[in-house]
């Protein structure tokens, strides 16, 4: 057994590519070795800004010798057929063995493949991996043909055993493998000779290189939070920034600096965004005031002055950046507080295209205002506030701050709306109407925000449906699936019951979409479009509920019911049915329903008869029949009012309670008796079961 150590040492690898590159290196190398017959015990990959590393433990010294028996043609087959078999197997006629079989004499061959030394296999696999490595972007340099993310300098590749280490010989475009690496670019740039992975990691640490990115992340966060705590501050958490910064340094040195007093009154989100995007700084917040007052930067080296020069330079650059942000902020506030206010920005949006077939951003705002006003009473919002909020929700797209930092759209709208003297509810809607942007984001809950958020997404869906720009396969360039899921979550999580088809019609009605002929316009109010759109919502709903453990067939059983355009009602029904079918009573009730339905289907087949009259207890002949009549009466008295109150759990519990009575009925009663009156009465009794079940969900769509 041997251990393998590989390092590919290059110029700086972009931080965003490092984690994926380490995973790719591990997969490509280990898959290639295993395919060649070289198995191993464990493997781990690492990345720093200047190196990719792979360590493999418990590697075989050589691939095993294999013997494969291959069946050939018949012994009396034409000579050309036999020669073709020999060529494919790489054998001669002397290597064949003739055997008698029930099908006659057959030629067989044993193909022996001798094992290959580990070093030989590793060299082949590593060279192929280097030459075909799947970098998102790569470059060529010098006179060679090799492509790498940045110029590749050295290849370390050694096999180590208890008796020592050997270099795996390899030459890739003049880069010859060896057993040396290099430490930190500035603090320890000399070559380092290594014997195995433990030796490698320890010597790198002494040469100011932390190999493990997780260790670098932990060190950065530990030092940053301790520094902030010592000053009575707290670091604003940002996992993405932490991962990125850990990919920029090999020897992290955490420094904390101050933000100039002139910039402390900027919105904290502006400070955070500017420092993160331009400088890769962490924000440090004063917990007493909520203001961002300091920053944390991570240097890649120690210095004689403990980072004072680095901090001074960073503070100077930061001041220049924040001076720009302050100029944008002050200028935007001046406009928001003017007599014209945010209307000036909305006017500018008349020159910004939303979509060439759906008009400008200003036209989008007009449609959103119409929709938000119509939706307001459905969600408990004030109609005037909802309309006003929709009219200014996207105004900040014209502001200088959002032009500089697009990720602040909506958030800056809230600040500017408050500066313009608008209510908290209207201002909040400007920020929240984009939500949710992802499956883990919170949905808006304030009524005005809900109205505008729904209006924005319904406008998008109905608009793109109207111009036939629907998602196809994996393509969804306008994020319509996300918009539909946003509508579903906003309605369901706020417990809003509404007729989605009617809402969609309002969306289509708000559109006057320019067609291919500019002289033509259409008012999209035909019913086919909303029905297609409702199907799309139902498909998204299945994805949403599947993540919550509710099966597709259960959702289909509920979609088949009347009122399926009320998504909140639909979800309540599906959850209740799912919970019921997880119980023994519910599962057995389903089987009893299917049995009853099958009997009725057979009895009704080829006739004009239907058994939906419920039967009459006076024709009952057995105690089990009479017990079922009584149980159905009892269940019906609970189910009818429960369904009226949309209390699906109570209704389905009452339905499931029929299970023992139904079991006894089917056990004791013969449905198709010779007495025609009794037979029809029993079939009508089964029809009553079918009708009662059908009032809750279409159980015929349930699997099993």
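For the condition in a helix (DSSP H, G or I), over 18 Å from residue 225 (Cβ atoms) and touching a strand residue (DSSP E or B) at 6+ places or on another chain (Cβ under 9 Å), what is the one hit in 266, 271?
Details: 266 fails: in a helix (DSSP H, G or I).
271 is the lone residue from the list that is in a helix (DSSP H, G or I), over 18 Å from residue 225 (Cβ atoms) and touching a strand residue (DSSP E or B) at 6+ places or on another chain (Cβ under 9 Å).
Just the residues that are touching a helix residue (DSSP H, G or I) at 6+ places or on another chain (Cβ under 6 Å) and in contact (Cβ under 8 Å) with a residue 24 or more places away in the chain, please, taken from the stretch 348-364.
348, 349, 352, 358, 361
Sort out for me the helices (runs of 4 or more DSSP H) sitting completely within the stretch 388-460 that have 2 or more residues that are free of Cβ contacts under 8 Å to residues at least 40 places away in the same chain and more than 30 Å from residue 357 (Cβ to Cβ). Spell out the reasoning first.
Details: elements: 400-404, 411-419, 424-432.
Helices (runs of 4 or more DSSP H) meeting the threshold: 411-419, 424-432.
Of all residues being part of a helix (DSSP H, G or I) and surrounded by 14 or more Cβ atoms within 10 Å (Cβ to Cβ) in the stretch 330-342, which is farthest from the chain's Cα centre (by Cα)? Just the residue, please. Talk me through it step by step, then tell me what you get.
If we filter the stretch 330-342 for residues that are part of a helix (DSSP H, G or I), which is where we start, we get 330-336.
Okay, now just the ones that are also surrounded by 14 or more Cβ atoms within 10 Å (Cβ to Cβ), so 332-333, 335-336.
Details: 332: 36, 333: 37, 335: 39, 336: 37 Å.
Top of the filtered list is 335.
When the stretch 585-606 is examined, which residues are found to be over 15 Å from residue 702 (Cα atoms), in a helix (DSSP H, G or I) and without any contact (Cβ under 8 Å) to a residue 40 or more places away in the chain?
Across the stretch 585-606, the qualifying residues are 601, 602, 604.
Looking only at the stretch 133-149, filter to residues that are touching a residue at least 12 places away in the same chain (Cβ under 8 Å) and exposed (fewer than 12 other Cβ atoms within 10 Å of the Cβ); which one of those is farthest from the chain's Cα centre (by Cα)? First the steps, then the outcome.
Step one: list which residues in the stretch 133-149 are touching a residue at least 12 places away in the same chain (Cβ under 8 Å), which gives 133-137, 139, 144-149.
If we keep only those that are exposed (fewer than 12 other Cβ atoms within 10 Å of the Cβ) as well, we get 134, 136-137, 145.
Values: 134: 23, 136: 21, 137: 24, 145: 38 Å.
Restricting to residues being touching a residue at least 12 places away in the same chain (Cβ under 8 Å) and exposed (fewer than 12 other Cβ atoms within 10 Å of the Cβ), the top hit is 145.
Here is a list of conditions, (1) in a helix (DSSP H, G or I); (2) closer than 24 Å to residue 366 by Cβ, and residue 478 meets all of them except one; can you say which number that is?
Just one mismatch for residue 478, condition (1).
Go over the candidates 187, 152 one by one and state the one that is in contact (Cβ under 8 Å) with a residue 24 or more places away in the chain and in contact with a helix residue (DSSP H, G or I) (Cβ under 8 Å, 6 or more places away or on another chain).
On the way: 187 fails: in contact with a helix residue (DSSP H, G or I) (Cβ under 8 Å, 6 or more places away or on another chain).
Only one candidate qualifies: 152.
Taking the condition assigned by TED's automatic domain parsing to the domain that holds residue 172, buried (at least 16 other Cβ atoms within 10 Å of the Cβ) and not in a strand (DSSP E or B), does residue 47 pass?
no
Which of the residues spanning the stretch 189-198 are buried (at least 16 other Cβ atoms within 10 Å of the Cβ) and not in a loop (DSSP other than H, G, I, E, B)?
If the condition is that a residue be buried (at least 16 other Cβ atoms within 10 Å of the Cβ) and not in a loop (DSSP other than H, G, I, E, B), then 192, 197 are the ones that fit.
From (1) modelled with pLDDT under 85; (2) under 22 Å from residue 128 (Cβ atoms); (3) crowded, with 18+ Cβ neighbours inside 10 Å, pick out the condition that doesn't hold for residue 72.
That leaves (2) as the condition not met.
Taking the stretch 612-645 as the search range and keeping residues that are buried (at least 17 other Cβ atoms within 10 Å of the Cβ) and assigned to a loop (DSSP other than H, G, I, E, B), which one is modelled with the lowest pLDDT?
It comes out as 614.
The values are calculated or read from the model by the stated rules, or taken from the named source; none is laboratory data. Because the structure is a prediction, the values reported are computed rather than measured. Glycine gets a Cβ as well: all are built from the backbone with ideal geometry, and neighbour counts include every protein chain shown.
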